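Enquirer: Just passing along the structure, written as structure tokens.
The values are calculated or read from the model by the stated rules, or taken from the named source; none is laboratory data. Only a predicted model underlies this, so the values are computations on that prediction, with no experimental measurement involved. Cβ sites come from the backbone with ideal geometry, for glycine too, and all protein chains shown count toward neighbours.
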């Protein structure tokens with residue numbers, strides 16, 4: 001399902017302009033990371049995708065739906081949104097009930113709900129925790145519950161807001177697996193992240209925001225190679241991109257495979 | 001700071017969150033604590049900050065001593081004069097009693113009876129240090145996560161504690177903001193403040209910390225210089241994160257493309273090691 005945003009402007013009630021003329025198109029099945037400094041407008045932008053925020057000016061289209069003409073509840077059938085803090089999202093007594101809540105509300109029948117829940121729990125490695133109260137789990141696993149409760153809704157578009165914050169290496173790898181599986185299923189995945197190494201290793205397209213405007217938008221390597229421009233929105237290129245640059249590598253590299261590839265070619 | 005055989009169990013739990021931790025930290029030392037989620041990192045922070053045993057009940061054995069005072073024999077209000085803690089979630093730290101960031105930062109100082117003029121100076125200096133002077137008149141609740149974290153850190157710095165305990169203080173910050181805050185923490189250590197920092201961002205630990213302690217299952221797993229600990233092959237096997245420099249160099253060894261004995265932990269070390277490759281080639 002295509003996302004089309006044109007000339008989106010948004011002001012908070014205190015008059016602060018959070019988004020200043022954002023135009024972009026995201027095709028069905030794309031994996032996009034959004035980066036940029038604190039306060040750049042990243043969360044404000046994605047909250048327009050499911051109608052939590054409405055444009056003061058401009059247009060947001062999810063498929064053929066104008067977000068101002070459909071309720072948040074309706075848009076939830078197309079766009080799933082995983083909050084930055086799982087505690088703002090979870091409220092049920094057990095993991096199983098929590099993960100079933102979304103698909104049940106979307107009107108799936110009992111059997112479908114069961115299948116969707118089972119799949120989402122397997123994907124997030126929570127199958128053995130169905131009966132646990134989410135708040136008895138560590139914050140790591142609560143994050144996975146938050147992911148599962150959105151995945152179970154089987155929306156075409158899934159938005160993650162800072163999925164790796166405060167997560168250890170093992171869980172970051174789990175989250176990367178979830179994203180890879182969603183890609184295989186043809187889902188559009190949009191992720192806000194400050195973890196630029198995670199971003200480089202898991203996304204093909206990167207959008208850098210600064211002061212409510214699009215600073216850069218393109219293929220991962222093209223964007224990550226722009227060290228000076230990224231610095232204006234407080235983003236450092238990934239570790240291996242910086243290393244490659246210091247070693248005068250051409251082209252830009254962003255992960256171990258690309259780095260080692262250029263390194264061994266340089267030698268031959 | 002001195003910990004001897006510290007073991008702690010939360011109420012109603014079977015397994016200790018901390019097991020037999022012994023640890024001496026010198027004044028002005030910058031110690032980073034790494035470990036998988038659930039390793040006991042935050043519990044260790046609470047113990048150093050006196051929340052265990054004064055706020056969290058449960059069972060604490062062993063000795064926790066800062067500046068010659070034992071936490072058992074001290075009240076929390078005395079303890080906070082020596083040890084300041086910035087919480088993992090800055091939202092939990094904001095008092096809720098103040099309308100502006102400036103007032104929020106003065107809150108701790110009011111509680112310990114610092115004269116008004118000194119309070120103002122301390123708050124202004126600390127805000128300058130952490131780069132939040134422009135937030136002074138904002139409501140603490142109107143800030144982004146990263147900004148709130150800077151406020152939380154600043155609210156501890158104004159107290160000028162001997163020991164600074166920071167639980168993932170940059171988790172919600174943008175990358176360059178993170179680097180800046182690490183620089184601030186480093187400066188505090190150079191001024192003689194002892195720093196205990198829980199952090200997943202290995203690249204900056206490698207560059208700024210004096211010492212790294214790896215925690216696993218409530219126990220000290222490794223303790224040494226950043227280079228000793230962060231290049232240990234045991235880390236990856238046990239679910240710890242390592243820097244991409246270390247990890248890519250380890251793979252390069254197998255391809256005959258890393259010749260140094262020691263693996264790199266920082267960008268500069270990686271550049272140096274991989275550049276060596278080219279000089280070798282031209283000289284041979």
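Enquirer: Looking at the range A:120-127, can you tell me whether even one residue there is surrounded by fewer than 18 Cβ atoms within 10 Å (Cβ to Cβ) and part of a loop (DSSP other than H, G, I, E, B)?
Expert: yes
Enquirer: So, one more: Applying the selection to the range A:128-140, what residues are under 17 Å from residue A:171 (Cβ atoms), part of a helix (DSSP H, G or I) and more than 18 Å from the chain's Cα centre (by Cα)?
Expert: Selection gives A:128, A:129, A:134, A:139.
Enquirer: Here's something else I'd like to know. Give the residues of the range B:12-44 that are assigned to a loop (DSSP other than H, G, I, E, B) and away from chain A (no Cβ under 14 Å), sorted by residue number.
Expert: Correct list: B:14, B:16, B:25, B:26, B:27, B:28, B:29.
Enquirer: Of the residues B:234, B:222, B:263, B:230, which is surrounded by 23 or more Cβ atoms within 10 Å (Cβ to Cβ) and away from chain A (no Cβ under 13 Å)?
Expert: Testing whether each residue is surrounded by 23 or more Cβ atoms within 10 Å (Cβ to Cβ) and away from chain A (no Cβ under 13 Å) leaves just B:263.
Enquirer: Moving to a separate point now. Could you run through the range A:86-103 and say how many residues are touching a strand residue (DSSP E or B) at 6+ places or on another chain (Cβ under 9 Å) and assigned to a loop (DSSP other than H, G, I, E, B)?
Expert: 1
Enquirer: Moving to a separate point now. With the condition kept exactly as written, say whether any residue in the range B:136-148 is out of contact with any strand residue (DSSP E or B) (no Cβ under 6 Å at 6 or more places or on another chain), at the interface with another protein chain (Cβ under 10 Å from one of its Cβ atoms), closer than 17 Å to residue A:235 by Cα and at pLDDT 90 or above.
Expert: No, the range B:136-148 contains no residue that is out of contact with any strand residue (DSSP E or B) (no Cβ under 6 Å at 6 or more places or on another chain), at the interface with another protein chain (Cβ under 10 Å from one of its Cβ atoms), closer than 17 Å to residue A:235 by Cα and at pLDDT 90 or above.
Enquirer: Out of the residues in the range A:234-261 meeting the condition of being over 20 Å from residue B:276 (Cα atoms) and surrounded by fewer than 17 Cβ atoms within 10 Å (Cβ to Cβ), tell me which one is nearest to the other protein chains (Cβ to nearest Cβ).
Expert: Only one residue fits best here, namely A:257.
Enquirer: Let me ask something additional. Any idea which of A:146, A:122 is under 30 Å from residue B:40 (Cβ atoms) and in contact (Cβ under 8 Å) with a residue 60 or more places away in the chain?
Expert: Matching residue, one of A:146, A:122: A:146.
Enquirer: Being surrounded by 15 or more Cβ atoms within 10 Å (Cβ to Cβ) and part of a loop (DSSP other than H, G, I, E, B) narrows it down to one of A:45, A:19, A:53, A:8, so name that one.
Expert: Of the residues listed, the single one that is surrounded by 15 or more Cβ atoms within 10 Å (Cβ to Cβ) and part of a loop (DSSP other than H, G, I, E, B) is A:53.
Enquirer: For the range B:68-102, which positions are part of a helix (DSSP H, G or I) and away from chain A (no Cβ under 14 Å)? So that I can check it myself, show each step before the final result.
Expert: Residues of the range B:68-102 part of a helix (DSSP H, G or I): B:71-73, B:76-82, B:90-92, B:101-102.
Of everything in the range B:68-102, those that are part of a helix (DSSP H, G or I) and away from chain A (no Cβ under 14 Å) turn out to be B:71, B:72, B:73, B:76, B:77, B:78, B:79, B:80, B:81, B:82, B:101, B:102.
Enquirer: Do we find that residue B:242 is surrounded by 20 or more Cβ atoms within 10 Å (Cβ to Cβ) and away from every other protein chain (no Cβ under 14 Å) in this structure?
Expert: The answer is no for residue B:242.
Enquirer: Right, something else. Output yes when any residue across the range A:52-63 is over 19 Å from residue A:188 (Cα atoms), within 14 Å of chain B (Cβ to nearest Cβ) and in contact with a strand residue (DSSP E or B) (Cβ under 8 Å, 6 or more places away or on another chain), and no when none is.
Expert: No; the residues of the range A:52-63 include none that is over 19 Å from residue A:188 (Cα atoms), within 14 Å of chain B (Cβ to nearest Cβ) and in contact with a strand residue (DSSP E or B) (Cβ under 8 Å, 6 or more places away or on another chain).
Enquirer: Name every residue in the range A:11-34 that is touching a helix residue (DSSP H, G or I) at 6+ places or on another chain (Cβ under 6 Å) and within 14 Å of chain B (Cβ to nearest Cβ), in order of residue number.
Expert: A:18, A:33, A:34
Enquirer: Quick one: residue A:231 ticks every box in (1) under 18 Å from residue B:173 (Cβ atoms); (2) touching a residue at least 24 places away in the same chain (Cβ under 8 Å); (3) within 13 Å of chain B (Cβ to nearest Cβ) bar one, so which box is it?
Expert: Unmet for residue A:231, out of (1) under 18 Å from residue B:173 (Cβ atoms); (2) touching a residue at least 24 places away in the same chain (Cβ under 8 Å); (3) within 13 Å of chain B (Cβ to nearest Cβ): (2).
Enquirer: Taking the range B:157-173, which residues are within 14 Å of the chain's Cα centre (by Cα), away from chain A (no Cβ under 12 Å) and crowded, with 23+ Cβ neighbours inside 10 Å?
Expert: Once the filter is applied, which keeps residues that are within 14 Å of the chain's Cα centre (by Cα), away from chain A (no Cβ under 12 Å) and crowded, with 23+ Cβ neighbours inside 10 Å, the range B:157-173 yields B:157, B:164, B:165, B:166.
Enquirer: Further question on the same structure: Is it the case that residue A:208 is within 14 Å of another protein chain (Cβ to nearest Cβ), under 24 Å from residue B:248 (Cα atoms) and in contact (Cβ under 8 Å) with a residue 24 or more places away in the chain?
Expert: no
Enquirer: Do you know which of the residues in the range B:44-65 that are in contact (Cβ under 8 Å) with a residue 40 or more places away in the chain and either crowded, with 23+ Cβ neighbours inside 10 Å or not assigned by TED's automatic domain parsing to the domain that holds residue B:220 (or both) is farthest from residue B:167 (Cα to Cα)?
Expert: B:64
Enquirer: Then there is this: Identify, from the list B:261, B:210, the residue that is out of contact with any helix residue (DSSP H, G or I) (no Cβ under 6 Å at 6 or more places or on another chain) and over 29 Å from residue A:253 (Cβ atoms). Before the answer, list the steps.
Expert: Working: B:261 fails: over 29 Å from residue A:253 (Cβ atoms).
Only one candidate qualifies: B:210.
Enquirer: OK, next. Can you say whether residue B:94 is touching a residue at least 24 places away in the same chain (Cβ under 8 Å), in the same structural domain as residue B:227 (by TED's automatic domain parsing) and crowded, with 23+ Cβ neighbours inside 10 Å, as far as the supplied structure shows?
Expert: Working: touching a residue at least 24 places away in the same chain (Cβ under 8 Å): yes; in the same structural domain as residue B:227 (by TED's automatic domain parsing): yes; crowded, with 23+ Cβ neighbours inside 10 Å: no.
Answer is no for this residue.
Enquirer: Report the residue count in the range B:174-197 for those that are outside any helix (DSSP H, G or I) and surrounded by fewer than 24 Cβ atoms within 10 Å (Cβ to Cβ).
Expert: Number satisfying all stated conditions: 4.
Enquirer: Collect the residues in the range B:198-219 that are within 14 Å of chain A (Cβ to nearest Cβ) and part of a loop (DSSP other than H, G, I, E, B), keeping them in residue-number order.
Expert: Within the range B:198-219, B:199, B:200, B:201, B:217, B:218 qualify.
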